[in-house]
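Remarks on the structure that follows.
The values are calculated or read from the model by the stated rules, or taken from the named source; none is laboratory data. Since the structure is predicted, the reported quantities are computational estimates derived from the model, not experimental observations. Cβ coordinates were reconstructed from backbone atoms using ideal geometry, including for glycine residues, and neighbour counts include every protein chain displayed.
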């Protein structure tokens with residue numbers, strides 16, 4: 001343990017900016033006694049790099065001192081573990097079946113990132129029985145003291161499952177690329193969340209752009225239409241540049257920040273992580289991590305008009 005601590009101190013001495021950001025983050029958390037921040041990372045269409053963003057953002061946040069959990073909420077097509085070269089033996093279905101506790105299925109990835117795995121065939125959380133809901137709630141409530149940030153990697157599109165996780169999160173981050181179909185589908189996603197689920201606040205992250213100029217132009221086009229026709233608030237969160245290093249990292253089943261921390265995209269993730277840690281607690285009634293789980297799992301006992309279309 002002493003040797004590991006010494007190595008960490010040596011790394012931080014060679015990267016004073018990282019060390020300073022880590023100290024500032026931890027000190028701010030102690031002073032504010034903040035709860036867990038819950039971000040859903042979502043998209044209107046598949047293939048926009050959403051899971052890459054989740055994985056590398058988790059890396060960047062960890063390196064700034066945050067305790068991070070990834071909830072792989074794409075229940076039918078889970079792939080966080082694939083990107084990291086991990087092979088979980090169990091998933092959330094084993095908890096629902098009473099075969100495992102939540103602690104037993106959690107896996108620790110690189111940098112100490114905690115992952116709550118899902119896989120193909122996992123039961124839709126909106127269809128859990130009351131006893132399963134209560135069982136999962138009891139397991140999940142015990143995790144609040146162990147993490148600072150929960151990243152929820154949703155599926156793509158406007159299915160009920162995608163809506164389900166986005167509505168429960170504190171902050172909704174919509175990933176968009178410059179492709180016209182991505183922009184159109186991102187608008188459609190926000191439209192459904194705004195008109196059917198009363199969501200009014202979104203953060204937009206541009207991915208695979210050439211530079212900041214292109215990112216801001218895409219955001220401008222999207223925000224003009226959305227704010228005009230949907231009466232919503234859209235914040236520009238930042239951008240990730242297109243980087244060939246992504247494909248190299250995927251082939252090796254490693255995070256880009258693990259292999260190429262000084263790449264162009266790597267620097268974008270580091271900046272994004274610092275920005276996310278500076279976001280204050282939400283002032284509108286979205287709740288904390290306990291509320292996230294409870295809102296997901298107690299719909300049947302407390303029906304909500306948000307889910308009246310199901």
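A few notes on this one:
Residue-wise test of (1) under 20 Å from the mean Cα position of the chain (by Cα); (2) in a strand (DSSP E or B).
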{"site": "152", "(1), (2)": "yes, yes"}
{"site": "174", "(1), (2)": "yes, yes"}
{"site": "186", "(1), (2)": "yes, no"}
{"site": "202", "(1), (2)": "yes, yes"}
{"site": "216", "(1), (2)": "no, no"}
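- Note on region 235-254: residues that are farther than 16 Å from residue 55 by Cα and without any contact (Cβ under 8 Å) to a residue 24 or more places away in the chain total 1.
Residue-wise test of (1) without any contact (Cβ under 8 Å) to a residue 60 or more places away in the chain; (2) farther than 26 Å from residue 211 by Cβ; (3) surrounded by fewer than 24 Cβ atoms within 10 Å (Cβ to Cβ).
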site: 146; (1), (2), (3): no, yes, yes
site: 150; (1), (2), (3): no, yes, no
site: 156; (1), (2), (3): no, no, yes
site: 161; (1), (2), (3): no, yes, yes
site: 183; (1), (2), (3): yes, no, yes
site: 186; (1), (2), (3): no, no, no
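- Residues that are surrounded by 20 or more Cβ atoms within 10 Å (Cβ to Cβ) and either farther than 19 Å from residue 51 by Cα or not assigned by TED's automatic domain parsing to the domain that holds residue 251 (or both), drawn from region 97-115: 105
Here is a yes/no grid of residues against (1) within 20 Å of the chain's Cα centre (by Cα); (2) not in a helix (DSSP H, G or I):
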{"site": "57", "(1), (2)": "yes, no"}
{"site": "60", "(1), (2)": "yes, no"}
{"site": "66", "(1), (2)": "yes, yes"}
{"site": "71", "(1), (2)": "yes, yes"}
{"site": "74", "(1), (2)": "yes, yes"}
{"site": "86", "(1), (2)": "yes, yes"}
{"site": "90", "(1), (2)": "no, yes"}
{"site": "94", "(1), (2)": "no, no"}
{"site": "99", "(1), (2)": "no, yes"}
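- Taking the criterion of being touching a strand residue (DSSP E or B) at 6+ places or on another chain (Cβ under 6 Å) and closer than 24 Å to residue 193 by Cβ, the residues of region 59-94 that qualify are 69, 70, 71, 72, 73, 74, 78, 80.
- Checked against the criteria, residue 272 counts as within 16 Å of the chain's Cα centre (by Cα) and modelled with pLDDT of 95 or more.
- Scanning region 154-172 for residues that are touching a helix residue (DSSP H, G or I) at 6+ places or on another chain (Cβ under 8 Å) and not in a helix (DSSP H, G or I) returns 154, 155, 156, 157, 158, 169, 170, 172.
- In region 255-265, residue surrounded by the fewest Cβ atoms within 10 Å (Cβ to Cβ) [restricted to those that are under 11 Å from residue 60 (Cα atoms) and in contact (Cβ under 8 Å) with a residue 24 or more places away in the chain]: 258
- Among the residues of this structure, residue 231 does not count as one that is at pLDDT 95 or above, closer than 28 Å to residue 195 by Cβ and surrounded by fewer than 16 Cβ atoms within 10 Å (Cβ to Cβ).
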